[in-house]
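Asker: Quick one: the structure is below, and I'll ask about it shortly.
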Amino acid sequence: MIEIRNAGKKYLQGAREVHALRNVSLRIKSGEFLSIMGPSGSGKSTLLNLIGGLDQPTSGEIFMDGRPLHGISDDELTLIRRRRVGFIFQFFNLLPILTAVENVCLPLLLEGIPFTRIKPKAVLLLEQMGLGERTEHRPEQLSGGEMQRVAIARALITEPAVLLADEPTGNLDSHTSEEIFLLLSNLNEKGQTIVMVTHDSKAAAYGTRVITLKDGALAEDVSLGGAPS
Amino acid sequence: MSVKFAMLGILAEKNLHGYELKSSFDEKVGEFWSLNYGQIYSTLDRLEKEDLVTHDRQAQDRRPDKKIYSITGKGRTELEEWLSTPVHKVRALRDEFFIKLVFMDRKDPGPILDLIEKQKAHYLKQMNRLTNRKVSLKKRPEHADSLTAELLMDAGLFHAEADIKWLTLCASKIKATMGENT
Amino acid sequence: MSIANLLRHISSKHVRFQKAQTFMSIAGICLGVAAIVSIGIVNKSILRSFEDSFINSTGRAALQVTGAQSGFPEAILEKVQTVPGVEYAVPVVETDGLLSKGKERSMMILGVDVLVDSQVRSYSLAEEDADIPDPLLFLAKPDSILVTRTMADREGIKIDQKIAVETVQGTREFRVRGILNPEGPAKVMGGNLALMDIYAAQLAFGKEGRIDRVDVSLLRGEKLETVKQRIEAALPAGYTVETPIGRTRQIESMLSNFQTGLDLVSFFAIIVGMYLIYNAVSISIVRRRKEIGILRALGATRGQVMRLFLGETLFISIIASALGVGLGILFAESIVGILGKIISQMYVRTAVTGISITWQYPVLGIVCGVVASLAAAVLPVLAGSRISPVSAIRSVPWSEEGFLTGRRLNTASATCILLAAAVFCLYRYADWTPLFRSTSFLFSSQLFLLLGMSLFMPTFLKGFISLFHRLPLLRHNSMGMLAGLNLRKNLNRNAVAVAAIFFGISVFVNSAGYVHSSKESVMTWLDAVVRADIIVSDGHPSSSTNAQTVPMPLDMWQDIEKVPGVLSADPWRKLYMDYNGNRVLLSIIDMVRRAEYSHFMVTKGDEKKLLGQLARRDNVVVSEPFASRFRVGPGDTITLPTPTGLVRFGVSAVVVDYLYDNGTVYLDLDTFQRHWGDKLADQFSVRVKPGENIVQVRDAIQKKLGGNRKLFVLPVQEFKDEIRKTMDQTFIFNYALSVVTMAIACFGIIVTLLASVLERTREIGILRSIGMLRRQVSGVVVLESILMGIAGGILGCLAGIVTGWINLEGAFRANYSSAAEYFIPYGSILWALIMSAGLSALAGIYPARRAAKTDVVEALTYE
Ligand SMILES: Nc1ncnc2c1ncn2[C@@H]1O[C@H](COP(=O)(O)OP(=O)(O)OP(=O)(O)O)[C@@H](O)[C@H]1O
Ligand SMILES: [Mg+2]
């Protein structure tokens, strides 16, 4: 469902060119749970951002469901991001001024759907995340794991084609991390395509496939046994 | 050494005969540790000699009597003492993969780096299997002793992760030092 | 739709969590709008009061015939009456009167032909005189008078009571025959009106045989325009036939320079408000950068981000503008009286009693507030919408400069300043289109200059701080060092706050310089022209118009000369008249006698031949504004309307004269009497015999002549002082507006400092943890504030001097067509500097207290 062909990304740092990504080609199938690993600065986030349409490649092509993500206008890209992609970040990136349920509703609020119409769905999602009691809390009143679960609910509310997570547990302890991974693994089992950047091979072990980046290039591509039985 | 205490631990919960003891052992720690009946019985003999275990005979129809093993008072004391003492011995550094490293080609890091990657992939796959087991275990929480089983699997995962980390470090250090030689 | 969602769920919370910022933004825009609305409403109300009085006092009359101010022969009335289409043509004598005693003594006296006037106007008499006075009885007795209910109630006047009124013959008593209900004409002049028989009024006010106005009503079915043309054709040149509305237009054009000036200055306030909004929006964008990144990552388009922030600005600006309109109306109510008084003194008598609010000014205020806010927000919002979601989420440090690099700003600054110079040159030297000569055009040159200097502010502030760091006193002082570093950290943002102060101060210094210089010019001229020792006048010297004056008989000079100690006395008569559709001043002096001790300041023409040309001849001297407005000079002729028809006068010279900014024509007394037949005087210039005590002579004149009339007898020094005071009063609004502008600028400082204090929370926490005192923390903030204030003050003074000079060169020249020397207002500059430092210190207090309150532990865990 996602196809990357010879994608490259250059940044200009002053006069110096930084190749964050070089010539990466990759195909992600629907239902896959792909982990991206690699040392710091190897271009993992850059790749994820390209997949999610947060950024555009400086060379090469990216397609989602056959439609190009490269060379399209910012607005078109934004709409794809809004409707087809769910993001989960390391630092949760919830809006501190909004309550949990409002944060979850945000992507649909951007669509212009009235809050009252979205709220039941958001509450349901939060309940599924085990946060039924916490819907009206603001992020500062939540623990890290809870915040991340709110973020997952937010990513899921649009029923995205692909869920992207950038070190989703980088800020959480092992136990809390495990709960998050179990959630993701459950979602994947139900058919959700997931792409996750991680430094943690325990996390990668939940997935179906692991790729490793080195210096912006694809170094390894390991297919793991398969979904849990 | 730990086999002895594992068996004492199992008998401390319940009196069992040899066969039951083996299946209980498999269920609890079988993931990492497999013993055959011979090993079970020889350990039991040794424990009896040390007065840590004793047995009763139970008559059976048309079959030889079953020996039902139970823990003695002395056995219980020694088990408790063992349980409360931290483990001093660290995991063995003697590792088959390490031996391969010792004999690697100092001129050309290529083959060993390849090997490292293969090894990592292997570990990853192993971790994936463990994880899958754990996940399915999680789905049947009513299963007896799922907690200890899970913890054991976690231990396995953490060790494998450590190995992967170590291998990654090996690769980057090898590349850093040997890369500049060539 | 989606924006409504975002506004409701996100913005509303920001507003709630950032009360202080929101409040400051609202307060700033609110004040700016209030300034515009109040000045607008007051200006309009004054015009409305003219319109009202014209309409009320004309009743059913559709047209008014007016001529030279001192009235025209009654024969004109007959000419009008015979014009076809005219139903009634009724004569009116309209003059200013004074009650000898009373709370508000000034009033308007209307002399009408009681028998026919009721055909045109309807008078409603109060009920207590059910036996309506017989008009014949009323006519028969020349001491009869009717007063309005308003006046009667205020002054406690009863029917049949006698009241004392100042007349040309001195104080006279009149018997109140009835009280007018406040309807129709009785509403004129805020009810300060008395009605007399026309004949009695002519006698009492020295207008025998002459009338001031003819009010005309039309026969049914007649067209206004046709009848108007017929009347115009029937009358000699020099008469004006106008509708009441048309007369309002005349007044409007007469006041336009003054009113536009105030209007424009009121816009300065909203411009300073724009600096405030610019900063407030930039600050909230910087602070919410991560939020923008998240929204963008979740699929908010650039457009949505822009609309979100513009929507917030819109929301705030609408609230602020609405409040501003309310505040403006309150302001207007409290200043309308003062402005009315100033206009009465300077231009034409008015009695505004209250404000009349039409929809225009509230709407204009809201539009200005909203448009200015949105315009100010556009740049920062555009920058905000360009924030890349990736870098915002990665928390890449925000580079403040971005597009607005120092180099670019300086280039833009230079461009603006050049533009300002170009516009000024066009205004000054090119007059091929009226656009180039309009006040607004000149105003734009000042705006460009101020904008240009504002753009230069970051560079200036940087230089200013390094200079400040060199001061040995502060070099080794930790607080001084920190303050300087902090200011440099968010240079552009701080520069905007400084620019707001700069703007405010420049407006103040601009006004001060303009006022100071024009005052100096006028006073220099007065010193040159007014050489007498004592001035005897019928009204307060400040009233350069006819308001509140009752002229004296011309012959009074003889009486004055009989007073012991008086060397000579000669009269001055002033009249306003229409000349080519403009109101100009006719200033009449006895050339021969005046020449003995006083001279014109001649700019064109031969001064030596002047006396011979003027005395008893049909020659005049014109003021510079007159000469330039009507393009005449020595050797040209002008045709003036006189009661006896058009007369051609030769122009002998052009002189400096600040009596009236529309233009003055000087005429010899003898010539004047020949053509106008007027025997009145408004002022006598008295010289005292050498060695006599001026004060004693003054007292003697007062005693001898002031017995039966109200006289102002002032030693010349006092007279000049009064004029100086009046001029100060004229500019009171300019000062008030600069204060409002400064207040808005202070809000700007508060917003900026508050933001930097909040951003520095962690830093403050660290400083506190290693032992900085609360007092030191707040000291740093106040110091920053003062530094910003002083930086803005210094540059503001500079800009104020330049814009003041532009104003003087431009506006003063436009008004008086003569160059006035620019005097740097050192006193005001000192005040401006003290004010900028003081006010900014005050503005710093609140942020400083917030900073001092920072909780160390919380601050250190602050992300
Ligand atoms: N906006 C940017 N401007 C300049 N360079 C950038 C930018 N974003 C990324 N880079 C560079 O690109 C390279 C790859 O960055 P990226 O964030 O993808 O690494 P990563 O693999 O996610 O690292 P980490 O594991 O530390 O998150 C790095 O060298 C980084 O410095
Ligand atoms: Mg990363």
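Asker: Quick check on segment C:19-36. Is at least one of its residues free of Cβ contacts under 8 Å to residues at least 24 places away in the same chain, open to solvent by 20 Å² or more (accessible area, probe 1.4 Å) and of a type outside the set (Asp, Glu)?
Answerer: Checking segment C:19-36: at least one residue is free of Cβ contacts under 8 Å to residues at least 24 places away in the same chain, open to solvent by 20 Å² or more (accessible area, probe 1.4 Å) and of a type outside the set (Asp, Glu).
Asker: Taking segment A:37-62, which residues are under 21 Å from A:Val162 (Cα atoms), in contact (Cβ under 8 Å) with a residue 24 or more places away in the chain, part of a loop (DSSP other than H, G, I, E, B) and more than 9 Å from ligand 1 (Cβ to nearest atom)?
Answerer: A:Gly52, A:Gly53, A:Leu54, A:Pro57
Asker: Can you name the number of the only condition in (1) modelled with pLDDT of 85 or more; (2) open to solvent by 20 Å² or more (accessible area, probe 1.4 Å) that C:Gly402 fails?
Answerer: (1)
Asker: Follow-up question, since we're still on this one. Within segment A:76-102, can you find the residues that are under 16 Å from C:Ala4 (Cα atoms) and either of a type outside the set (A, V, I, L, M, F, W, C) or touching a Lys or Arg at 6+ places or on another chain (Cβ under 6 Å) (or both)?
Answerer: Within segment A:76-102, just A:Glu102 meets the criteria.
Asker: Taking segment A:48-62, which residues are within 10 Å of ligand 2 (Cβ to nearest atom) and touching a Leu at 6+ places or on another chain (Cβ under 6 Å)?
Answerer: If the condition is that a residue be within 10 Å of ligand 2 (Cβ to nearest atom) and touching a Leu at 6+ places or on another chain (Cβ under 6 Å), then A:Leu48 is the only one that fits.
Asker: Scan A:Thr212, A:Thr198, A:Thr169 and give me the residue that is within 13 Å of chain B (Cβ to nearest Cβ), within 16 Å of ligand 2 (Cβ to nearest atom), among the β-branched types (Val, Ile, Thr) and under 16 Å from the mean Cα position of the chain (by Cα).
Answerer: Selected residue: A:Thr198, the only one of A:Thr212, A:Thr198, A:Thr169 that is within 13 Å of chain B (Cβ to nearest Cβ), within 16 Å of ligand 2 (Cβ to nearest atom), among the β-branched types (Val, Ile, Thr) and under 16 Å from the mean Cα position of the chain (by Cα).
Asker: Out of all the residues in segment C:296-316, which are within 14 Å of chain A (Cβ to nearest Cβ), over 19 Å from A:Leu108 (Cβ atoms) and buried (at least 21 other Cβ atoms within 10 Å of the Cβ)?
Answerer: If the condition is that a residue be within 14 Å of chain A (Cβ to nearest Cβ), over 19 Å from A:Leu108 (Cβ atoms) and buried (at least 21 other Cβ atoms within 10 Å of the Cβ), then C:Glu312 is the only one that fits.
Asker: Would you pick out the residues in segment A:93-105 that are part of a loop (DSSP other than H, G, I, E, B) and either among the polar types (S, T, N, Q) or surrounded by 24 or more Cβ atoms within 10 Å (Cβ to Cβ) (or both)?
Answerer: A:Asn93, A:Leu94, A:Thr99
Asker: Here's something else I'd like to know. Considering only residues that are away from chain C (no Cβ under 14 Å) and either within 16 Å of ligand 1 (Cβ to nearest atom) or among the small types (Gly, Ala, Ser) (or both), look in segment A:124-166 and name the one that is surrounded by the most Cβ atoms within 10 Å (Cβ to Cβ).
Answerer: A:Gly145
Asker: Give me the residue from segment C:664-678 that is at pLDDT below 85 and under 35 Å from the mean Cα position of the chain (by Cα) and, out of that set, surrounded by the most Cβ atoms within 10 Å (Cβ to Cβ).
Answerer: C:Trp676
Asker: Sticking with this one: Look at segment A:106-123 and say how many of its residues are loosely packed, with under 14 Cβ neighbours inside 10 Å and either β-branched (Val, Ile, Thr) or assigned to a helix (DSSP H, G or I) (or both).
Answerer: Residues meeting the conditions: 3.
Yes/no matrix, rows are residues, columns are (1) open to solvent by 10 Å² or more (accessible area, probe 1.4 Å); (2) modelled with pLDDT under 90:
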| position | (1), (2) |
| --- | --- |
| A:Ile2 | no, no |
| A:Asn6 | yes, no |
| A:Glu17 | yes, yes |
| A:Ser30 | yes, no |
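Asker: Follow-up. In segment A:11-20, which residues are away from ligand 2 (no atom under 16 Å from the Cβ) and either within 14 Å of another protein chain (Cβ to nearest Cβ) or out of contact with any strand residue (DSSP E or B) (no Cβ under 9 Å at 6 or more places or on another chain) (or both)?
Answerer: A:Leu12, A:Gln13, A:Gly14, A:Ala15, A:Arg16
Asker: Considering each of B:Arg62, B:Arg129, B:Arg133 in turn, give the residue that is modelled with pLDDT under 80 and either open to solvent by 30 Å² or more (accessible area, probe 1.4 Å) or more than 14 Å from chain A (Cβ to nearest Cβ) (or both).
Answerer: B:Arg62
Asker: If I filter segment A:176-190 for residues that are away from ligand 2 (no atom under 16 Å from the Cβ) and in a strand (DSSP E or B), do I get at least one hit?
Answerer: no
Asker: Then there is this: May I ask you to list the residues in segment A:191-201 that are away from ligand 1 (no atom under 16 Å from the Cβ) and part of a strand (DSSP E or B)?
Answerer: Across segment A:191-201, the qualifying residues are A:Thr193, A:Ile194.
Asker: C:Pro715 versus (1) buried (at least 17 other Cβ atoms within 10 Å of the Cβ); (2) at pLDDT below 85: which is the lone unmet condition?
Answerer: If we test C:Pro715 against (1) buried (at least 17 other Cβ atoms within 10 Å of the Cβ); (2) at pLDDT below 85, just (2) comes out false.
Asker: Looking at segment C:64-109 only, could you name the residues that are polar (S, T, N, Q) and modelled with pLDDT of 85 or more?
Answerer: Once the filter is applied, which keeps residues that are polar (S, T, N, Q) and modelled with pLDDT of 85 or more, segment C:64-109 yields C:Gln81, C:Thr82.
The values are calculated or read from the model by the stated rules, or taken from the named source; none is laboratory data. What you see is a predicted model; the values in this text were computed from it and never measured. Positions of Cβ are generated from backbone atoms using ideal geometry, with glycine treated the same way; all protein chains shown enter the neighbour counts. Accessible surface is based on the protein model in full, side chains and every heavy atom, while ligands, DNA and RNA are left aside. Shrake-Rupley method; radii C 1.70, N 1.55, O 1.52, S 1.80 Å.
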